[in-house]
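Note sheet for the following structure.
The values are calculated or read from the model by the stated rules, or taken from the named source; none is laboratory data. Keep in mind that this is a model prediction, so the values were computed, not measured. Here the Cβ is made from the backbone with ideal geometry for all residues, glycine too, and neighbour counts use every protein chain on show.
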Amino acid sequence: MNLYINKLFNLDNKVALVTGATGQLGHTICKAFDEANIKVIATDKSFQKNKMIKSQNVNYIKMDVSKKRSVNKVFGFAFKQYGHVDILINNAAVSIFEPFKYRTEKSFDLTTSVNLKGPFFCIQEYSKRFRKSRKSGCIINICSIYGILSPDFRIYGKKDRKNSEVYGATKAGLIQMTRYFAVHLADQNIRVNSISPGGIFNKNKPQNKKFVKNYSLRSPLKRMAKQEEILGAIFYLSSDSASYTSGHNLVIDGGMSCW
């Protein structure tokens, strides 16, 4: 049984490119990949030194996903340096929090550029360079429950950072893009899936206690997610155990979207 499980979930010596690599979830993914002996190309627009992993498996490269030239350059390097990239994690994202009545064109454009145009550029460059001779390729888009439902504003206090309409719209768009590319990249043996987490507790920068309490009451499991609880889905979708899973949006929200 152990040999069978190891075969299904073995990711040893695979190569992964992760965007938003020093953010809360990105850092957790890179750390887990490193421990699984996956070679990681960790990209971000800028790096938080305290979230940079010192390992021969992890190579940090600056990349602005909203800039096509930047994405082209980094993907060119990745495929030349490693010969192949088995896993692409589109994790980079931005949020904005001013009330929608005061939304500026600049902040709206920033959100769509990073959250929607960025993953498109990465998928585009990945598919151009991917060779069918590889056993399989895997793309995982990090989306959000707010791509499938609207925030319950009753859980927010006056000073809490409320989720925006444009953030949700970009995540809904990315879920649809997941389905689109699952169909159009199937002939290249590339699987495309997405993960939609609910609220994740930030242990380094904890959210307002009242918000955490209100959110937890709204969740059937009565708490926010731990960032490590997203990893099971990442490993499943990255591995051969998900060889027939494509075009799926895996919701990890403690049951919140069941209400």
Can you give me the number of residues within segment 230-259 that are in a loop (DSSP other than H, G, I, E, B) and either on the phi < 0 side of the Ramachandran plot or out of contact with any strand residue (DSSP E or B) (no Cβ under 8 Å at 6 or more places or on another chain) (or both)? 9
Any residue in segment 188-195 that is crowded, with 21+ Cβ neighbours inside 10 Å, among the charged types (D, E, K, R), under 26 Å from Ile38 (Cα atoms) and out of contact with any Ser or Thr (no Cβ under 6 Å at 6 or more places or on another chain)? no
Filter result for Phe97 (more than 23 Å from Ser243 (Cβ to Cβ), touching a residue at least 24 places away in the same chain (Cβ under 8 Å), among the aromatic types (Phe, Trp, Tyr) and loosely packed, with under 15 Cβ neighbours inside 10 Å): yes
Name the pairs whose Cβ atoms lie under 9 Å apart, with the first residue in segment 168-187 and closer than 13 Å to Ser127 by Cβ and without any contact (Cβ under 8 Å) to a residue 12 or more places away in the chain, the second aliphatic (A, V, I, L, M) and not in a helix (DSSP H, G or I), and 6 or more positions between them or separate chains? Tyr180/Val192; His184/Val192
Of the residues Asn50, Asn59, only one is farther than 12 Å from Val18 by Cβ and either at pLDDT 95 or above or out of contact with any strand residue (DSSP E or B) (no Cβ under 7 Å at 6 or more places or on another chain) (or both); which? Asn50
Which residue is surrounded by the fewest Cβ atoms within 10 Å (Cβ to Cβ), if the candidates are limited to segment 235-259 and must be among the aliphatic types (A, V, I, L, M) and under 18 Å from Asn202 (Cβ atoms)? Ile252
The correct count of residues that are among the charged types (D, E, K, R), within 13 Å of Ser246 (Cβ to Cβ) and outside any helix (DSSP H, G or I) in segment 156-191 is 1
Of the conditions (1) small (Gly, Ala, Ser); (2) surrounded by 16 or more Cβ atoms within 10 Å (Cβ to Cβ); (3) without any contact (Cβ under 8 Å) to a residue 40 or more places away in the chain, Ser150 clears all except one; give me its number. (2)
Pairs, first free of Cβ contacts under 8 Å to residues at least 24 places away in the same chain in segment 237-251, second surrounded by 15 or more Cβ atoms within 10 Å (Cβ to Cβ) and among the charged types (D, E, K, R), C-beta under 9 Å, six or more apart: Tyr244/Arg191
What are the pairs, 6+ residues apart or on separate chains, where a residue within segment 1-20 that is surrounded by 10 or more Cβ atoms within 10 Å (Cβ to Cβ) has its Cβ under 8 Å from a residue that is part of a helix (DSSP H, G or I) and of a type in the set (S, T, N, Q)? Leu8/Ser241; Phe9/Ser241; Leu11/Ser238; Lys14/Ser238; Ala16/Ser238
If I ask for residues that are in contact with a helix residue (DSSP H, G or I) (Cβ under 9 Å, 6 or more places away or on another chain) and assigned to a loop (DSSP other than H, G, I, E, B), which ones from segment 32-52 would you list? Ala36, Ile38, Lys45, Gln48, Met52
Scan segment 199-207 and give yes if some residue there is at pLDDT 95 or above and among the β-branched types (Val, Ile, Thr), otherwise no. yes
Return the residues of segment 101-132 that are at pLDDT 90 or above and surrounded by fewer than 13 Cβ atoms within 10 Å (Cβ to Cβ); say none if nothing qualifies. Lys101, Tyr102, Thr104, Glu105, Lys106, Lys128
